[in-house]
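Enquirer: First, the structure itself, so that you have it in front of you.
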Amino acid sequence: MIQLNEDLIKHDLKDLVRSSVEETLNALLDKEADELVNAQKYERSSGRQGYRSGHYKRNFQTTAGEVELNVPKLKGVPFETAIIERYRRRESTVEEALIEMYLAGVSVRRVEDITEALWGTKVSPGTISNLNKKAYEHIEQWRSRTLSGDYPYVYVDGVYLKRSWGGEIRNVSILVAIGVNSDGFREIIGAAEGMKEDKESWRSFFVWLKERGLSGVRLIIGDKNLNMLETIPEVFPDARYQRCTVHFYRNIFSVTPRNKMKTVAMMLKAIHAQESKEAAREKARSVSDKLKEMKLSSAAKKVQEGIEETLTYMDFPTQHWTRIRTNNTIERLNREIKRRTKAIGAFPDGQSALMLVCARLRYVAGTQWGTRRYMNMDHLSKPEEELLSDIIAG
């Protein structure tokens, strides 16, 4: 009984979609005829170009099923409709929708169920595979596009996904780069397979970005990865490095007892709340001494050894500090990627993982994320004295 009801619902939904398509196309054909004769039905007008002479019926196959079109007949002017061709082009976006459903993490079986409910027929896994190939071409064009202009700030990180490898499930790393351009907008400037984030992977990634036009890089923000750190001076000798303060805290928390973590967190935040680099250094020395008193020598050592690379942001405009001292902008993006790829499980290969990540990145870039100004870059180009005058003036 339940199955019968489901079948009836699918049948009714299919008829509803087909009827809607038929009604819309016929309305568009009538409107097109009115525009060609420069008058509506039965309208007397000196500007009339022709007259209606009834219509003829024509069957037209759509993805919603076969519909019956009432094609107008005209006298005095030929009727060559562009509606049908436009509809065919519109139907091609259905293919794109199917591709995006798959790339967005919707399972193949779910895609089949959706297409059957809408159009009365399932899209086979083979068809979805062919559509994916077409999508990959568009995604690759976007991924490899030429970069123009300067990107003073660049955020980099790697996101790990699961993939099948010789019958085993292993991690595959996708390296991602976000740039803030000279107008202050964020842009996803790169994504590439990075294997295990080794030195050669990072070097190839940075060289690839540079070859595509990445220039004007003044600060690279990321987690502490020795392979990445060794590569930055080779490819971007004028760029400086900012270690993400949040990752720095996490590293210290790894050697901090749980019952003291809140206290230590407040101490660490106090370092980066200082008004200058020298004040922050002095605060860091104080924090280190305090940690030793608390019998947290390992935490104190990590503060002493790592604090300097977390203070690079203080050499840049104060208005940018909260934006450039952490890697949060790319961390949020990585969480979105993992959320959308969760339904996939293990990818068959690294290319599939890369394409799915890029599809999600391209989608995010088209939202407010990429169209809203992230920071005012005028602060970066003005002399410090002029900036101070602006602040005092309000």
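The values are calculated or read from the model by the stated rules, or taken from the named source; none is laboratory data. None of these values were measured; they are calculated from a predicted model. Positions of Cβ are generated from backbone atoms using ideal geometry, with glycine treated the same way; all protein chains shown enter the neighbour counts. Please note that ligands, DNA and RNA were not included when accessible areas were found on the heavy atoms of the full protein model with its side chains. Shrake-Rupley method; radii C 1.70, N 1.55, O 1.52, S 1.80 Å.
Enquirer: Taking Gly222 as meeting all but one of (1) touching an Asp or Glu at 6+ places or on another chain (Cβ under 7 Å); (2) surrounded by fewer than 20 Cβ atoms within 10 Å (Cβ to Cβ); (3) modelled with pLDDT of 90 or more, write down the number of the exception.
Expert: All conditions are met except number (2).
Enquirer: Against the conditions (1) under 17 Å from the mean Cα position of the chain (by Cα); (2) open to solvent by 20 Å² or more (accessible area, probe 1.4 Å); (3) within 13 Å of Met375 (Cα to Cα); (4) not aromatic (Phe, Trp, Tyr), where does Asp183 fall short? Just the number, please.
Expert: (1)
Enquirer: Name the helices (runs of 4 or more DSSP H) wholly inside the stretch 166-253 in which the number of residues that are of a type in the set (Asp, Glu) is 1 or more.
Expert: Ranges flagged: 199-211, 226-235.
Enquirer: Follow-up. Just to be sure I understand the filter: pairs with C-beta atoms under 8 Å, separated by 6 or more residues or on different chains, first member in the stretch 299-312 and over 8 Å from Ser288 (Cβ atoms), second member assigned to a helix (DSSP H, G or I) and hydroxyl-bearing (Ser, Thr, Tyr). Which pairs pass?
Expert: Close Cβ pairs (under 8 Å, with a partner that is assigned to a helix (DSSP H, G or I) and hydroxyl-bearing (Ser, Thr, Tyr)) amount to Thr310/Thr245.
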